[in-house]
Each structure stands twice: as structure tokens, then as C-alpha cells.
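Colleague: Could you have a look at this structure, given as C-alpha cells, before my questions?
The values are calculated or read from the model by the stated rules, or taken from the named source; none is laboratory data. For clarity, every value in this text was computed on a predicted model and none was experimentally measured. Backbone-built Cβ (ideal geometry, glycine too); neighbour counts: all protein chains shown.
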Amino acid sequence: MWWKVIAEWVILIIQFGLAIFMFYMMAAFYTGAPLVLTRRKIIKKMLDEAGLKPGQLFIELGCAEGRVLRTAVKDYHVRGMGYEINFFLVWWGRIMAGLQHLKNIRFIVKNFWKADLSGADVIYAYLFPDTMQKLKVIFDKTGKKNLLVISRVFEIKGWENKLIKKIPEGDDWIYYYRK
Ligand SMILES: C[S@@+](CC[C@H](N)C(=O)[O-])C[C@H]1O[C@@H](n2cnc3c(N)ncnc32)[C@H](O)[C@@H]1O
């Protein structure tokens, strides 16, 4: 029967999609951090505290479906650039950004270790602690003077003198560093 053939193909395509999605999830675990999304209430508070200025280049490392990036662009009028390794999340983010009629926002399917961060005014990341430590070396080398780095939950060791504030988030903290 023709509908059985179609059903088999649909199931096959879904399984294939899920397999690729799982592959990306595993890859993210090894290259930066797994997918854990920031809740909207936290996003608002975190961005309010950042003192963002219109036109600033806001880069998010591991932007997932762009909920933080989209809020920053929509409510604070920054230019948003998000790097994300997971192709599916990026497309979801692009669709959402389109539905929100957001301009000045770019989602890039790319490993952020290969990204050029030298133009960023603000960098936001919610990644593993050792990932933040390795990124610190890059921020030190190539980050702009006055670069603002926002690290959710994990502090950057060795940057104690650059910490301008930290705000509570439940049992955790959000850290703000000025280079
Ligand atoms: C903990 S989640 C944070 C999501 C989002 N930034 C937030 O705060 O809601 C980490 C994200 O980083 C992505 N990621 C991990 N390693 C990456 C890499 N090397 N390059 C690009 N994205 C990466 C993961 O796929 C995941 O979406």
C-alpha cells in the first residue's frame, strides 16, 4: 500500500533527523557545553544589568535557538551575532528571529573556537567552567579594550581584577567582566 511506504519514509527521515540532532548534542558536550537553555526571567535581569548600548556588537558563544541573542537585539537594539554548532538550533533561531521581524541579527553555524571575536563589544556565554578558562586566553589575546564579558554561572579564574559585578541567580551568580 502506498501510504505504508510513505509512513516508512517519514519514520526513517524522523529517525535520521534525531540521529543527527543527538550527534550535535554529543559534539556540543565535548566542544563547549551541552544544551541547557536560560530562562526568560533570568535573561531579562541579566541583560538589564549589562548596560547595553544600541549599536554595540553583542556576540553569544553557543547561542542555541537564540533566546538571549534575540532579546538583546529586540529590547536593547544591539547588533547580535550568535555562534552555534547545532544546525537545527540555528534554524529554529533564524525562524524565530524572522517571525519577530528582527534585523541586525546573525546566526552562524560554526564552532566558536574558530570564530573571530575581535570586533565584539559584549560577549555572553553559558558554557562549562574549563571552556570559560580557555576562552579567557582568547579574550586576553584578541578581545577589544573595554570588552564586556558576561559569564552565566561560572566565574573566570584569573580575571578577578576585571570583575565589575556579579548578580545572584538562585544559588548561582552571573559574572560581568570588563577587559
Ligand atoms: C549551556 S547551552 C547555552 C545556551 C544559550 N547560550 C543560553 O544561555 O540559553 C550551550 C550551547 O553551546 C553550544 N555549543 C557548545 N559547544 C559549542 C562550540 N564549540 N561552538 C558552538 N556552539 C557550541 C551548544 O550546542 C549549546 O547550544
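Colleague: Tell me the strands (runs of 3 or more DSSP E) entirely within the range 121-178 that contain at least 2 residues that are of a type outside the set (A, V, I, L, M, F, W, C), more than 12 Å from the ligand (Cβ to nearest atom) and modelled with pLDDT under 95.
Modeller: Strands (runs of 3 or more DSSP E) meeting the threshold: none at all.
Colleague: Could you run through the range 105-114 and say how many residues are near the ligand (Cβ under 10 Å from one of its atoms) and not in a loop (DSSP other than H, G, I, E, B)?
Modeller: Adding up the residues that qualify gives 5.
To keep it simple, each residue is scored yes or no on (1) in contact (Cβ under 8 Å) with a residue 40 or more places away in the chain; (2) surrounded by 10 or more Cβ atoms within 10 Å (Cβ to Cβ).
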site: Val5; (1), (2): no, no
site: Phe23; (1), (2): no, yes
site: Phe29; (1), (2): no, yes
site: Pro34; (1), (2): no, yes
site: Met46; (1), (2): yes, yes
site: Leu52; (1), (2): yes, yes
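Colleague: Quick check on my filter: what residues within the range 30-53 are at pLDDT below 90 and either under 14 Å from the mean Cα position of the chain (by Cα) or not in a helix (DSSP H, G or I) (or both)?
Modeller: Those that are at pLDDT below 90 and either under 14 Å from the mean Cα position of the chain (by Cα) or not in a helix (DSSP H, G or I) (or both): Thr31, Gly32, Ala33, Pro34.
Conditions tested, residue by residue: (1) more than 9 Å from the ligand (Cβ to nearest atom); (2) part of a loop (DSSP other than H, G, I, E, B); (3) closer than 28 Å to Ala19 by Cβ.
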{"residue": "Cys63", "(1), (2), (3)": "no, yes, yes"}
{"residue": "Phe88", "(1), (2), (3)": "yes, no, yes"}
{"residue": "Lys103", "(1), (2), (3)": "yes, yes, no"}
{"residue": "Asp116", "(1), (2), (3)": "yes, yes, no"}
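Colleague: When the range 41-61 is examined, which residues are found to be farther than 16 Å from Ala120 by Cβ, within 11 Å of the ligand (Cβ to nearest atom) and among the charged types (D, E, K, R)?
Modeller: Result: no residue meets the conditions.
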